[in-house]
Amino acid sequence: MNQWGAAFLWILDPAHLGGPSGILARLGEHVWYTLITLVIAVLIALPIGLAIGHTGKGRTVAVQVSGGLRSLPTLGVVTLLGLWFGIGLGAPLAAMVALALPPILAGAYSGVDAVERNTIDAARAVGMTGWQVLGKVELPLALPLIIGGIRSACLQVIATWTVAAILPLGGLGRFLYDALPLRDYPQMLAGSILVIALALVADGVFALVQKVVVPRGVLAGRVSEVRVKTARPHAAVSAEAGRP
Amino acid sequence: MMKRKRETSMSIKKRGLIAAGILAVGALALSACSSGNPLDSNDSGSGSGSGSNGAVIVGSAAFPENEIIAQIYTQALQANGVKTSIKPNIGQRDAYLAALKDGSIDLVPEYSGNLLQYYDKDATASSSDDVYAGLSDALPKGFEVLDQSKAEDKDSYNVTQAFSQKYNVKSLADLKTVSEPLKVGANPEFAQRPYGIPGLKSVYGVTATLLPISDSGGPNTVKALVDGQVQLADIYTTTPAIKQNNFVTLADPEHLIVAQNVVPLINKKKASERVTQVLNTVQAALTTNDLIEMNIKSSGDAKESAEQIAKEWLASKNLFD
């Protein structure tokens, strides 16, 4: 009880707000790190995921590789890459990108994969090329799942950048690493609260985006059961979700 | 239905109780054992007689270097006809000092500064001799430290050889003449600790900034110093990386960093003339460099056992004929 009070007082203390190691600066750094991580991860994972979903090839490899990436212990990867790259943003950035790839990849290929076969056949029947099918049909229809993947990656990345402050970096993790050896628990708790708050806000933003990007046509005729009847394999997410 | 459910939960509870009972009995038996330990009481002669009279039991903290020193003490005493056994890897200071107090060990290798501050929180002594002198007052009754060794395991400021030559820096006092801005790679608490950034300023008049690396002078700190991202790095004096990278450990003429000489902390009852003489001979021969070499053997590719490393050290020093 007391600790919580002290933590919130710590956050509200104007002395902790400004300056190069204040809350605003750390928050800004954390958001910046998260953004570049997501941009890099999207640039890598989205094309691969779309290709897999569109062609139906390489799915097994993608599942296995992204499963492997998921199991890497981030703290260990940060330390190890730090020894290769030296101190700086490179090592933790690489570790965080590795962490963000699997959900984005999974969102992309399962999103495209889940597009109704009939819809694609219809698109081809009216004379669309493969690229047009991907760009005008599959991508818009898959967008909610793709954004969902990025959303999930974003949460993990925000949470895990905290850990990377084991190396000399900014970000909200600084509050935890700096306070722990001094047993300054209010500051540690304050740091944790800020990370949680940032994660919640980011998640809220993505939830909104996810709603906005659903194509109008899909919204108009949305009957989710229709998908279940198709013979095509579905994304693990949508298949699992319906079960009790 | 309800009833049956309750019965099941009752039987689970009962089983839990029985398990707890068994555990409790076991714990009692164990604690009975330990209180019946002949080595545990103040006068070892009155015990059940197991454990030969006057045998010295050497304990150690739970890290390799301390275990190696404990092995050296043990083997040196054994080689000189003193009955000795070893209980390595007891834990942190709280744990092994408690073991010393309750008599389950008689002797443990310690580090003078930390030992003094454990018993005297307000101690301000920082040079080797002051700390050693302070220890004799601070130690609890019935215990004493034998001679302190030159070997020390403490925080230290290190620079690369190139930096040392470029600015002719061999001591913290020389840093004032360095023209480039100074960054120190160390744990985050270094920003506040008296031996850290504030002490550097107040004792040596040197302004430096901290690059916080939370690995206690480990590989990332070493890498930062090698890469030139920091000019100074806080590394424990017995870390092999200092030698392996030819780092220069800066002298500390004003004793900014509290001394941590290796000292044998012993139960006075076991500190016979023979034991004292043997241990002090070992103490006189042990150096910080020896500790580094032994840590290399322990942590490197060889991964030799503490017992083997101690044996090799004793053989190389040839202290006892």
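The values are calculated or read from the model by the stated rules, or taken from the named source; none is laboratory data. Fair warning: this is a prediction, and the values are worked out from it, not measured in the lab. Backbone-built Cβ (ideal geometry, glycine too); neighbour counts: all protein chains shown.
Hey, does the stretch B:275-282 have a residue that's under 18 Å from the mean Cα position of the chain (by Cα), of a type outside the set (Gly, Ala, Ser) and at pLDDT below 95? Scanning the stretch B:275-282, I find no residue that is under 18 Å from the mean Cα position of the chain (by Cα), of a type outside the set (Gly, Ala, Ser) and at pLDDT below 95, so the answer is no. Within the stretch B:309-321, if we keep just the residues that are surrounded by fewer than 20 Cβ atoms within 10 Å (Cβ to Cβ) and touching a helix residue (DSSP H, G or I) at 6+ places or on another chain (Cβ under 8 Å), the residue that is modelled with the lowest pLDDT turns out to be B:Phe320. Please determine whether any residue of the stretch A:193-200 is under 20 Å from A:Val39 (Cβ atoms) and either away from chain B (no Cβ under 14 Å) or at pLDDT below 95 (or both). Within the stretch A:193-200, one or more residues are under 20 Å from A:Val39 (Cβ atoms) and either away from chain B (no Cβ under 14 Å) or at pLDDT below 95 (or both). Criterion applied to B:Leu291, B:Leu232, B:Leu279, B:Leu286 was being farther than 25 Å from B:Gly59 by Cβ and in contact (Cβ under 8 Å) with a residue 40 or more places away in the chain, and the one residue passing it is B:Leu232.
Of A:Leu12, A:Leu46, all but one fail to be among the aliphatic types (A, V, I, L, M) and exposed (fewer than 13 other Cβ atoms within 10 Å of the Cβ); the exception is A:Leu12. The number of residues in the stretch B:171-190 that are of a type in the set (Val, Ile, Thr), buried (at least 19 other Cβ atoms within 10 Å of the Cβ) and more than 14 Å from chain A (Cβ to nearest Cβ) comes to 0.
Could you list, in sequence order, the residues of the stretch A:180-192 that are modelled with pLDDT of 90 or more and among the aliphatic types (A, V, I, L, M)? Result: A:Met188, A:Leu189, A:Ala190. Only residues that are crowded, with 21+ Cβ neighbours inside 10 Å and of a type outside the set (A, V, I, L, M, F, W, C) were counted across the stretch B:199-211, and they come to 1. Scanning the stretch B:233-261 for residues that are away from every other protein chain (no Cβ under 14 Å) and touching a Leu at 6+ places or on another chain (Cβ under 6 Å), we see that the one that is farthest from B:Arg193 (Cα to Cα) is B:Thr238.
Filter the stretch A:177-189 down to residues that are in a helix (DSSP H, G or I) and surrounded by fewer than 22 Cβ atoms within 10 Å (Cβ to Cβ) and give me whichever is nearest to the other protein chains (Cβ to nearest Cβ). The residue in question is A:Ala179. Among the residues of the stretch B:131-180, the ones that are in contact (Cβ under 8 Å) with a residue 40 or more places away in the chain and in a helix (DSSP H, G or I) come to 10 in all. Pairs are defined by a Cβ separation below 6 Å, a sequence spacing of at least 6 or placement on different chains, a first member in the stretch B:88-101 that is under 12 Å from B:Ser60 (Cβ atoms), and a second member that is in a loop (DSSP other than H, G, I, E, B) and β-branched (Val, Ile, Thr); the pairs so defined are B:Tyr96/B:Ile90; B:Ala99/B:Ile90; B:Ala99/B:Ile105. Of all positions in the stretch A:79-89, none carries a residue that is at pLDDT 95 or above and under 21 Å from A:Ala164 (Cα atoms). When you scan the stretch B:54-76, do you find a residue that is among the polar types (S, T, N, Q), modelled with pLDDT of 90 or more and outside any helix (DSSP H, G or I), even just one? The answer is yes, given that some residue of the stretch B:54-76 is among the polar types (S, T, N, Q), modelled with pLDDT of 90 or more and outside any helix (DSSP H, G or I).
Exactly one residue among B:Val203, B:Val184 is assigned to a helix (DSSP H, G or I), in contact with a Leu (Cβ under 9 Å, 6 or more places away or on another chain) and either of a type in the set (A, V, I, L, M) or modelled with pLDDT of 95 or more (or both), and that residue is B:Val203. Screening B:Gln229 against (1) in a helix (DSSP H, G or I); (2) within 14 Å of another protein chain (Cβ to nearest Cβ); (3) not basic (Lys, Arg) leaves a single unmet condition, (1). Taking the criterion of being outside any loop (DSSP other than H, G, I, E, B) and over 12 Å from A:Val195 (Cβ atoms), the only residue of the stretch A:165-174 that qualifies is A:Ile166.
When the stretch B:198-220 is filtered for residues that are within 13 Å of chain A (Cβ to nearest Cβ) and either in contact with a Lys or Arg (Cβ under 9 Å, 6 or more places away or on another chain) or of a type in the set (Val, Ile, Thr) (or both), the ones remaining, listed by number, are B:Thr209, B:Leu210, B:Leu211, B:Pro212, B:Ile213.
Could you look through the stretch A:51-87, keep only residues that are assigned to a loop (DSSP other than H, G, I, E, B), closer than 30 Å to A:Gly170 by Cβ and in contact (Cβ under 8 Å) with a residue 24 or more places away in the chain, and pick out the one that is nearest to the chain's Cα centre (by Cα)?
Taking the candidates together, the pick is A:Leu72.
Within the stretch A:169-187, the presence of a residue that is in contact (Cβ under 8 Å) with a residue 24 or more places away in the chain, closer than 27 Å to A:His54 by Cα and not β-branched (Val, Ile, Thr) is excluded. Taken together, the residues in the stretch A:150-167 that are under 10 Å from the mean Cα position of the chain (by Cα) and in contact (Cβ under 8 Å) with a residue 60 or more places away in the chain amount to 5. Kindly indicate whether any position in the stretch A:206-221 is away from chain B (no Cβ under 14 Å), over 26 Å from A:Thr79 (Cβ atoms), touching a Cys at 6+ places or on another chain (Cβ under 9 Å) and not charged (D, E, K, R). Yes: the stretch A:206-221 contains one or more residues that are away from chain B (no Cβ under 14 Å), over 26 Å from A:Thr79 (Cβ atoms), touching a Cys at 6+ places or on another chain (Cβ under 9 Å) and not charged (D, E, K, R).
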